[in-house]
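Since the structure comes first, as structure tokens, the remarks are kept for the end.
The values are calculated or read from the model by the stated rules, or taken from the named source; none is laboratory data. In this text, all values refer to a predicted model and were calculated from it rather than measured experimentally. All Cβ positions, glycine included, derive from the backbone under ideal geometry; neighbour counts span all protein chains shown. With ligands, DNA and RNA removed, areas are computed over all heavy atoms of the protein, side chains included. Shrake-Rupley method; radii C 1.70, N 1.55, O 1.52, S 1.80 Å.
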Amino acid sequence: MANKILVEQRPMDTRVAVIEDGILSEIYFEPYDGDALTGNIYVGRVENIAQGMQAAFVNIGLDKNAFLHFDDLPEDKKKLPKPLKIGEEIPVQITKLPGGEKGVRISCMLSLPGRMTVLMPNSSGVGVSKRIEDEKERTRLMRIAKSLVPENMGLIVRTNAENASEEEIEGDIGSLLSLYKALEKRMLHVKAPACVYKDHDAVFRTIRDLVTSETEEILIEGKDAYDSACESAHMFAPDAVSRIYAYTGEIPLFSVYSVKKQLEEALSRRVWLKSGGFLIFDKTEALTVIDVNTGKFTGKTSLSETVFKLNLEAAKEIARQLRLRDIGGIIVIDFIDMEKREQKDELVKALREYLKKDKTHTTVHGLTALGLVEMTRKKKREPIETNLKAPCPLCQGEGRITSPASVAFDIFSALERKFSFAPERPLLVRASHRVNEAVLSMHPPLSGRAYITVDDKIAGHEFLIEDAHLNQLPPKSREITGE
């Protein structure tokens, strides 16, 4: 399936969207001064051991100690009655971001991703991505991997290695091996807790992880992001260089492809299907429940075929929604009841097929006795709504609204776009009190002069930008300054 990748570099963050057949399928956010923790490697210090939980709590320099289960220890340590000691310093990698009151989850089984392979320095074994389905190609890649895997290490061949030459794969492994040797030296000269490796920024990871042979073009708004993408592609994906384009249009890139509108629709509790049916998403701390409803869909044949057709449509949309919302953990789907066994089997088969597009590991456990589909999806980061929504102060957190920080990011992006056409023209922003506070607490670089004032008539998720008449500014207007 042909797709496009959009990268929008804004004053406060970088956003990456994957568009498949004109529909938003994935989106990622990286704050301007943020840190994408997943994948980072640390030398940590064991602070506490919970033998009954078969786990330890490790100080890696974050606000909360990280959680390390004994299953994520190297094989030689797992065999010991007491595999860890308090005060011991160990190399670990973040595998799962914190949720609720929990700290990050870490593992001693390090992995370093490249364009075509993943090197696992203290593991063993060789594997090939399940997304490569051609058996002849899988056999070829397995043979190459076994011949190239460094001694006492493990290796996974990624989807991007499909049809790659042995020389290309060897070069990818070589660069990862050089990186690990440099990390080993660094680990010897730091005192825990200390970070010794940070995964690359959003633009680099986009070229490394998201660009495939099916990517027809990568559109990038922002000169620094464009330069970074071209540099990254020249390093390890030369075939992608010709597909990278700088976007300089007057209308924001994400607006051209209706990304914001599609995202707002996707984050709704109710998601409508083309047929007239709809999905309901409800999230608890432990799991996500998805309910399929017939809505306005009546069908044109028998009731059995009508229900089956709607369930198939729902399965396809659910697979997209899981990627787009980045939902992880336990997921329970309540499809509309079907009586025929063959239809139930076909539905589960179709769901698994739709989930093959998902780069995040998923497992469908099938139908339960109650007719529910149970599945799990690996949780790598917080769901996308965490970046865009905040507890509503009016309903004590029972609902969600667009966060003031998210609105502030949109304001800075809009200001910078206007300044790019008329930097000498001062501007005035009208927004709610909470958005005012969020804007004034941030200090992004701005190319022009701007002011902000509280306007109680404007909803918390909206704002208005107009020309500023310096001699007639509203009372209590404040200048937005960058540092």
Beta bridges per DSSP with both ends in the chain, % antiparallel, nearest 5: 75 percent
Could you sort the peptides 186-193, 80-87, 66-73 by per-residue average Cβ neighbour count (10 Å cutoff), highest mean leading? 66-73, 186-193, 80-87
Expressed as a percent, the portion of alpha-carbon pairs in the stretch 153-207 spaced more than 18 Å apart is 53 percent
Where only protein heavy atoms count, and the probe is 1.4 Å, what is the accessible area per residue for the chain in Å²? 52 Å²
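Ignoring ligands, DNA and RNA, what percent of the accessible area of the chain is carbon or sulfur (1.4 Å)? The partial results should precede the final answer.
Working: 12910 of 25230 Å².
So the carbon and sulfur contribution to the accessible surface is 51 percent.
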Kindly provide the pair-distance distribution of the stretch 414-483 built from C-alpha pairs, with 5 Å bins from 0 and whole-percent values in order of increasing distance. 4, 18, 29, 27, 18, 5, 0
The aspartates and glutamates whose Cα lies under 13 Å from the Cα of Lys378, excluding any fewer than 8 residues away in the same chain, are Asp326, Asp358
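Let me have the relative contact order for the stretch 1-75, percent, based on Cα pairs under 8 Å that are six or more residues apart.
Normalised by residue count, the contact order of the stretch 1-75 is 16 percent.
Write down the Kirkwood hydrodynamic radius of the stretch 182-284, to one decimal in angstroms, obtained as one divided by the mean of 1/r over all alpha carbon pairs.
It is 17.5 Å.
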As an exercise, find the ratio Rg/Rh for the chain from alpha-carbon atoms, using the Kirkwood inverse-distance average for Rh. 0.98
Could you state the number of Å between the C-alpha centres of the stretch 404-483 and the stretch 237-302? 30 Å
Over the stretch 128-252, what lengths in whole Å, largest first, do the semi-axes of the equivalent ellipsoid take, defined as the square roots of 5 times the eigenvalues of the alpha-carbon gyration tensor? 29, 24, 11
